[in-house]
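To start, the structure under review is shown below, and the notes come after it.
The values are calculated or read from the model by the stated rules, or taken from the named source; none is laboratory data. Just so we're clear, the structure is a prediction, and the values are computed from it rather than from any experiment. FYI the Cβ positions are ideal-geometry reconstructions off the backbone, even for glycines, and counts take in every protein chain you see. Each accessible area value is taken on the protein alone, full model and side chains, heavy atoms only, with ligands, DNA and RNA left out. Shrake-Rupley method; radii C 1.70, N 1.55, O 1.52, S 1.80 Å.
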Amino acid sequence: MKRIISVVLLLILSLTLCSCGRPISDDSCLCVYFFDVGQADSSLLLFPDGVSVLIDAGNQADGKLIADYLKKGGIDTLDYLICTHPHEDHIGGTDDIFDNLKISNVCLPYLDSEFYNPTNLYNNLLSNISNEGSNIIYLNAGSVLLERSNYSIEAIAPGKDSVYSDLNDYSICLLVDYYTNTILFTGDAEERSETEILGTKKNIDADILKVGHHGSSGSSSKAFLEAVTPQVAIISCGKGNSYGHPNKEALTRLEEVDSKIYRTDTVGTVIAKLYDGGFNIETDSNINLDGNN
């Protein structure tokens, strides 16, 4: 059964949040920032008990901007940095994140060594983890990262013993439950991973979906969306990107399950505030952390 929600669209035509003194955290709710990082991905979760989680870090040019934004908001330590998979537009900014913030734990997917030949960027990430002394947590389907009285974070992909031909399918997918609200993060997972998730018979009904692979045609399959039935779908993509994201077919499939679609290329950073009993959605075109613009 769907939760009762209140979806509020606010377009703020003033200064950026940090410069106007508006706090980026709120001790009465879970604040989730789906940052406008252009054709890349980065989301920040701030729980009211102080736990902070950054899911992906954008492109290389985005890392310093993300770190500066967090520090201006009073955050100098991340409890968890989750790197969904090792593509540049997801881990590119991690160098600057490590340079500017203390990272307690880093979450990575299991990668088949015969399939994946680590890039210099990924090797740099591993070196940063070692130099920082961060704890490494490998996540796959069934891993419970956090479990508190009113919230939890659980990985539902990639499969523990799965070997994929597409690096995108190694993406860590996460169900974040906060009271009666659920957010599903899917990284760049494609239909192969989505089908595998459906095969587990896991309940993936979610109020908010962070749409897979920037809204590509290979993600957000009809069967997957019918299982998720998101009331809100958030797509991180860059203006006029060369990939044609989001794809028209993916948008149509989202519309067919009655999702309200928010795109960072048109509305800027999207902010979800989850409460006990509902959630609000805000947008702010002034939070533009895209280092490529």
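Things to note:
- For the chain, alpha-carbon Rg and Dmax in angstrom: 17.4, 51
- The listed residues Glu154, Glu226, Glu194 rank as Glu226, Glu154, Glu194 when sorted by accessible area, largest first, using a 1.4 Å probe.
- Here the range 51-67 is scanned for amide nitrogen atoms under 17 Å from the site 7 Å beyond the Cα of Asp79 along Cα-to-Cβ, giving 51-56.
- Heavy-atom surface of the chain, accessible at 1.4 Å and reported per residue (Å²): 40 Å²
- When the surface is traced with a 1.4 Å probe over the full set of protein chains, Val144 keeps roughly 80 Å² accessible.
- Accessible carbon and sulfur surface of the chain relative to its total accessible area, %, 1.4 Å: 46 percent
- Cross-link partners for Lys260 among the aspartates and glutamates, with Cα-Cα distance under 14 Å and sequence neighbours closer than 8 places in the same chain left out: Asp207, Glu282.
- Whole-Hz ³J(HN,Hα) from phi, Karplus 6.51 cos²θ - 1.76 cosθ + 1.60, for the range 208-214, glycine and proline x: 10, 10, 7, 4, x, 6, 6
- The fraction of Cα-Cα pairs per 10 angstrom bin, counted from 0 for the range 167-293, comes to 13, 45, 35, 7, 0 percent, rounded to whole percents.
- Summarising the amide proton neighbourhood of Asn105: residues at separation of 5 or more, or on other chains, whose placed amide H is nearer than 5 Å comprise Tyr80, Leu81, Asn135.
- Here Thr252 sits with roughly 60 square angstrom of accessible surface, probe radius 1.4 Å.
- Separation of the range 234-277 and the range 31-102, taken as the distance between their Cα centroids, equals 19 angstrom.
- Debye intensity ratio in log₁₀ form over the Cα atoms of the range 68-221, taken at each q of 0.11, 0.14 Å⁻¹: -0.44, -0.72
- Over 32 Å apart at the Cα level, from the set Lys72/Lys202; Lys102/Lys160; Lys201/Lys239; Lys202/Lys239, are Lys72/Lys202; Lys201/Lys239; Lys202/Lys239.
- The range 193-231-the range 110-188 distance, computed between alpha-carbon centres (Å): 17 Å
- Using θ = phi - 60° and Karplus 6.51 cos²θ - 1.76 cosθ + 1.60, couplings along the range 70-81 (whole Hz; Gly, Pro as x): 5, 5, 5, x, x, 10, 10, 9, 9, 5, 9, 10
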